[in-house]
Amino acid sequence: MVDMDPKIIDHVLSTTRSVRLRLDFERPVDPQLILDCIDIAEQAPTGGNIGSRRWTVITDSRQKERIADLYLKTAGNWMIHARERLAGTGHPNEKMFNSAAFLAENLAKSPAIVVPSIIGIHDNSGRPGLFDSVIQSAWSFCLALRARGLGTAWTTAILAESDELKSVLGLPSATTEIAMFPVAWTKGTDFKAVSRTPSREITYFNTYGLTFENGPDIPFSFLNGPGMAVEVDVAARREDAWSLMSDINFGGKFSSEFVGADWDEGFTGPEIGATFTGRNRNEHLGDWTAKCVIDVYDEGWLFGWCTGDISFPGARWRYELIDLGGSIRIRHRVILGPGESGLTRIIAEKPEIESKIIKKRLLSLGQSMQMVLDGMKDQLEG
Ligand SMILES: Cc1cc2nc3c(=O)[nH]c(=O)nc-3n(C[C@H](O)[C@H](O)[C@H](O)COP(=O)(O)O)c2cc1C
């Protein structure tokens, strides 16, 4: 039996990066190594257990040049332009375009270019498992390369010119290409894991949107730090969304539960520690106000507050703006507890249905939160 060391496997899984600047174009790659990686990749699951994946490995210089020209035409030239436009701006995508443009300029130098494909057309024609039988295999290929000191970048831009790509490679018309991988040895192997959203924030238990800071127990309890997340994609500029949010009353414009808010006396500007009073209305809970204090703040990106004591909050609320490159995503979250709130008082009255009370409250909050996001979207896009 082979000893499986999760540490090594997890390392490969979390450090298989898009390698472009560090591809070694000088060092030849033995085709057998690529075939070995394809053998590994072919172990991936396949719908109906039907082997329909086909791999094209391009090593001929003339063929590589034709592919590189096509890549420039589909997106490469645009990437080069984007690199020039973003150079020195500190834009979140500056580094990525620097690397993407480099690949576009040098693709033909790759020792090999690999195009995984699948027999069949991905046209929603009733075989949903077909397309889904190649993605996981292509990713296994990337991991197998990484495990051997080789590298690649998952690229798809060239697929926009599928007919021309097919004609260069001689692919049958009833075949779907999935990606294009430049393959080379990497300069060094010390790639790092990157920062991604923690699983607890994007994993929902039993119902979409329900998050937990720990556990959750079954049935879940208030001590699990239950929360709700809603989001909306908006065709607008981040600056405009931020400016809409700079009015502390904005939630009240769009929701029936969050009626409004007023900065407390002495307010000098939105910053951590600034306090305001939120006004709320709910058909079951009546009217109430909540003392709020800003507990996270990142100008232009993140705005959050908690109710009650900052070190033992009754609830934590967050608005986050995410750049999607041309549009934005607004993500709105609430995390209940650990301190007291109206909810803890209701739970204290009927502890035997704690889980039910929490879920009902979170779903109702989620509806109000979604109303605010939908209202923001309407206003920003309108
Ligand atoms: C579906 C998909 C398509 C992509 N297409 C391209 C592409 O055409 N060209 C390119 O240079 N990178 C492409 N990438 C790579 C991403 O730009 C890359 O994943 C991103 O820069 C993050 O880097 P990381 O993979 O190292 O985390 C693609 C990635 C995915 C998942």
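Just one of the listed residues (GLY314, GLY304) is touching a residue at least 24 places away in the same chain (Cβ under 8 Å) and closer than 22 Å to GLY342 by Cα, and it is GLY314. Give me the residue from segment 160-207 that is hydrophobic (A, V, I, L, M, F, W, C) and over 21 Å from THR59 (Cβ atoms) and, out of that set, farthest from the chain's Cα centre (by Cα). Taking the candidates together, the pick is ALA174.
Taking interchain pairs and intrachain pairs at least six residues apart, which have beta carbon atoms under 8 angstrom, with the first residue in segment 61-76 and in contact (Cβ under 8 Å) with a residue 40 or more places away in the chain and in a helix (DSSP H, G or I) and the second among the β-branched types (Val, Ile, Thr) and within 15 Å of the ligand (Cβ to nearest atom)? Note: pairs meeting the criteria are LYS64/ILE113; ILE67/ILE113; ILE67/ILE158; LEU70/ILE158; TYR71/THR155; TYR71/ILE158; THR74/ILE158; ALA75/ILE158. Listed conditions (1) within 30 Å of LYS64 (Cα to Cα); (2) away from the ligand (no atom under 16 Å from the Cβ); (3) free of Cβ contacts under 8 Å to residues at least 12 places away in the same chain are all met by SER199, apart from (1). Of all positions in segment 185-198, at least one carries a residue that is of a type outside the set (A, V, I, L, M), part of a strand (DSSP E or B) and over 27 Å from SER341 (Cβ atoms).
Values in this text are rule-based calculations from the coordinates and carry no lab data. For clarity, every value in this text was computed on a predicted model and none was experimentally measured. Every residue, glycine among them, receives a Cβ derived from its backbone with ideal geometry; neighbour counts consider all protein chains shown.
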